[in-house]
Amino acid sequence: MHKIITILVFFVVTTVVYGQTSLEEKEIKETINTFFKGLHNGDSTVIKSTLHTSIKIQTTSINKEGKKILKTETKNQLLRAIASKKVSDIYFEKLLSYTIKVDGNLASVWTPYEFYYNGKFSHCGANSFQLFNNNGKWEIIYLVDMRRRSNCKALKK
């Protein structure tokens, strides 16, 4: 009888914990998807709704000379760039997968991607998002992405 009760308690606790994790991961993924919806539609207001007030934004790449570069951008620079996008310009970032890790009010999301500009392949890489659960709302507090034009097939594995 004790074994049955122990198994039932374990099953209930596991189900509750898994359900909470699944809900958190769904909310986190929705924040990331909303960010990209704003990017694809050129809507800085939508993007802003996903960002924490003190977000840090960086991009890393390799220039034509082979030098590794790290560029930092402010929240306002990002939002202005999106808001000033021409209506005729079409940005599409195809996310290839999501890896989500959560610990309390901190989440980390890794998303390899391919980027298309006006329907043509531009570059590939990976995004690393850090999110903070700000009293029930997941907000992006740090975003860094890697951009490259070669070895993009490796992302599809």
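Here Ile69, Ile90, Ile62, Ile55 are screened, and the one residue that is touching a helix residue (DSSP H, G or I) at 6+ places or on another chain (Cβ under 6 Å) and of a type outside the set (Asp, Glu) is Ile55.
Taken together, the criteria exclude Asp103 from residues that are of a type in the set (Asp, Glu) and within 14 Å of Leu39 (Cα to Cα).
The residue list Lys71, Lys67, Lys75, Lys94 contains one member that is farther than 27 Å from His52 by Cβ and among the charged types (D, E, K, R), which is Lys67. Flag: Val87 does not match the condition of being of a type in the set (A, V, I, L, M), surrounded by fewer than 18 Cβ atoms within 10 Å (Cβ to Cβ) and within 18 Å of the chain's Cα centre (by Cα). When we screen Ile5, Ile55, Ile62 for residues that are modelled with pLDDT under 95, closer than 30 Å to Asn151 by Cβ and of a type in the set (Val, Ile, Thr), the only hit is Ile62. Number of residues in the range 129-140 that are part of a strand (DSSP E or B) and surrounded by fewer than 16 Cβ atoms within 10 Å (Cβ to Cβ): the value is 2. Only one of the numbered conditions (1) within 24 Å of Arg149 (Cα to Cα); (2) part of a helix (DSSP H, G or I) is violated by Glu25, and that is (1).
The values are calculated or read from the model by the stated rules, or taken from the named source; none is laboratory data. Fair warning: this is a prediction, and the values are worked out from it, not measured in the lab. Cβ: placed from backbone, ideal geometry, glycine included. Neighbour counts: every protein chain shown.
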